[in-house]
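To keep things clear, I will list the structure first and then write my remarks on it.
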């Protein structure tokens, strides 16, 4: 059977237990159509890059699915009908990734103490770029004055009208 990675986003205002309930209902859909879910990963509530259906944040969930295409079609149909699911994406893959996904590895890497190594940053309590130029300097040349040009209407021959 083909292998799929399926990610869906659930509304922010539902609880994590309700997201698990959604996963269980989607698992039953897959299993009744002859497939199985190899792995699920809950990525937590994350900010969205742009609003989706008036939501700024969403619960992210990854499902590694081993199922026939008909099961995926039914799963996506049920997700379109659900008001709790705001977006989903299914991608066919050659093999499932062993271990945690890239999103989970990134969150483990971000658990450093503080802000991490910030390099050679200066303290913010003093100027480091040299003195600023005084904006009210008198040694600047004066601005060039704009000449005003008066336009006069052209004379019109009555014969050309």
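Every number in this text was worked out from the coordinates using simple rules, so none of it is lab data. All values reported here derive from a predicted model rather than from experimental measurement.
Structural remarks
- Take every pair of alpha-carbon atoms less than 8 Å apart whose residues are at least six positions apart; their mean separation over the length of the range 1-63 yields a relative contact order of 46 percent.
- Cα-Cα P(r), the range 3-106, percent of pairs per 10 Å interval: 15, 49, 32, 4
- Mean separation of Cα contacts under 8 Å, 6 or more apart, over the residue count of the range 3-106: relative contact order %: 44
- Its alpha carbons considered, the range 9-60 gives a radius of gyration followed by a Dmax of 12.8, 36 Å.
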